[in-house]
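The values are calculated or read from the model by the stated rules, or taken from the named source; none is laboratory data. Owing to the predicted nature of the structure, the values given are computational and were not obtained by experimental measurement. Heads up, the Cβs are rebuilt from the backbone with ideal geometry, glycines too, and the neighbour counts pull from every protein chain shown. We work out accessible area using only protein heavy atoms, side chains counted, and drop any ligands, DNA or RNA first. Shrake-Rupley method; radii C 1.70, N 1.55, O 1.52, S 1.80 Å.
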Amino acid sequence: MSDTNVQIFDTTLRDGEQVPGCKLNTNQKLIIAEQLENLGVDIIEAGFPVSSPGDFKSVEEIAKLIKNTTVCGLTRAVENDIKVAAEALKYAKHPRIHTGIGTSASHIKYKFNSNQDAILQRTYDAVKYAKSFVEDVEFYAEDAGRTDNEFLARVCEMAIKAGATVLNIPDTTGYCLPSEYGAKIKYLKENVKGIEKAILSCHCHNDLGLATANSIEGVINGARQIECTINGIGERAGNTALEEVVMILKQHPYLNLDTNIKTQHLYGISQLVSESMGIYTQPNKAIVGANAFAHSSGIHQDGVIKNRETYEIIDPKDVGVTESAIVLTARSGRAALAYRAKNVGYELTKLQLDEVYVNFLNFADLKKEINDQDIHQIIETSTVYKQIISA
């Protein structure tokens, strides 16, 4: 893999599906998985096979369907989990087992009633056992964000010794600041023996709204995989949003980091996931929200009409959106009204526009948004309507 390439590990079908009420059936998962492969993701985490017969079946069917993308199954550091995942992945052309254990002081004490030495041994045993089934084994150190860096480095060394090809460093609770998370990745790059044998991976949660920032800081400091979901869906406040990290790297070429994602498919798959899971995507969601390329301020509208780049850093077509939207509200100016009027068939002179604009403001004060039908009514009830239609 090129040192400038960041692999995209999509966990929409596993971590994303943990949102209450968003359970997908196998057929829905297959449709999304196929679109994820078309999108260009490098790894699809298809599910947690041991968790239920339905999840096992979904992972198995996705493994049969997917041709080029790696298909991954999640496990705990438990032999039966790993064995069941290997069985579910037996048809995959590129299988990966994703196994791991909590490593923070809190997890060791309260979840496992254990100690660091025992966690190190379980790390080795789990990776070694997974390695007996597949070549590609990813190890996750759950709650790595709150794990002491020195101990985390020892855990990573143990996983590499057992044969891990990817080391997942999750900020499971979304607690880290970007500077802290970036420093953690840098520490591991510089202090883990044998780190050149494995890829460091970012898996960040959004509890404080920092998932995307942390993932970007992670790859700047040497990680080469980002674990993310479409629309940022996931447990609690969600995961790193795939569309956000991909477009950040694309729009900042000086970082010299790229992905294999075909960005023109982003809006389409966002809609597919939203509809399949029944999750409403907030209008102001970055990249794929309904308002991501919509302009209602008169100052902004005037700039965009003159040159899109005045207020848009992304060409809407790059993410699969047809065009920017000029939304008419009481805050809109004459330029926006003239632009929308032209779109529905009216070429207004400056004097005609001044007269129509007065009528427009009266309408706009009564409605949140002016649609195309309203424009016809505004013009037809203006004092210059006869001039306009006779022109």
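Could you please give the count of residues in the range 6-23 that are in contact with a Leu (Cβ under 8 Å, 6 or more places away or on another chain) and either farther than 13 Å from Val273 by Cβ or open to solvent by 10 Å² or more (accessible area, probe 1.4 Å) (or both)?
Residues that pass the stated criteria total 4.
Can you name the number of the only condition in (1) open to solvent by less than 10 Å² (accessible area, probe 1.4 Å); (2) assigned to a helix (DSSP H, G or I); (3) within 20 Å of Val245 (Cβ to Cβ) that Gly174 fails?
Single failed check for Gly174: (2).
What are the pairs with Cβ atoms under 9 angstrom where one residue, in the range 174-187, is more than 12 Å from His203 (Cα to Cα) and modelled with pLDDT of 95 or more and the other, located anywhere, is of a type in the set (Val, Ile, Thr) and open to solvent by less than 30 Å² (accessible area, probe 1.4 Å)? Sequence gap at least six, or different chains.
Qualifying pairs under 9 Å: Pro178/Ile216; Gly182/Ile216; Lys184/Thr147; Lys184/Ile169.
Take Glu227 and decide whether it is of a type in the set (D, E, K, R) and modelled with pLDDT of 95 or more.
yes
A quick yes/no check of all residues on (1) more than 23 Å from the chain's Cα centre (by Cα); (2) under 16 Å from Gly100 (Cα atoms); (3) crowded, with 24+ Cβ neighbours inside 10 Å:
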site	(1), (2), (3)
Asn115	yes, yes, no
Val127	yes, yes, yes
Val134	yes, yes, no
Phe139	no, yes, yes
Arg154	yes, yes, no
Ile169	no, yes, yes
Gly182	no, no, no
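Please specify each residue of the range 306-340 satisfying the condition of being buried (at least 19 other Cβ atoms within 10 Å of the Cβ), small (Gly, Ala, Ser) and not in a loop (DSSP other than H, G, I, E, B).
Ala336, Ala338
Looking at (1) in a loop (DSSP other than H, G, I, E, B); (2) open to solvent by less than 30 Å² (accessible area, probe 1.4 Å), which one does Gly303 not meet, given that it meets all the others?
(1)
Just wondering, is there one or more residues in the range 18-27 that are touching a strand residue (DSSP E or B) at 6+ places or on another chain (Cβ under 6 Å), in a helix (DSSP H, G or I) and touching a residue at least 12 places away in the same chain (Cβ under 8 Å)?
no
Could you please give the count of residues in the range 1-25 that are in contact with a Ser or Thr (Cβ under 7 Å, 6 or more places away or on another chain) and at pLDDT below 95?
3
Where residues in the range 350-370 are touching a residue at least 24 places away in the same chain (Cβ under 8 Å) and not in a helix (DSSP H, G or I), which of them is most open to solvent (accessible area, probe 1.4 Å)?
My answer is Lys368.
With the requirement that a residue be closer than 25 Å to Lys23 by Cα, open to solvent by 10 Å² or more (accessible area, probe 1.4 Å) and charged (D, E, K, R), what does the range 234-269 give you?
Residues satisfying the conditions are Glu235, Arg236, Glu244.
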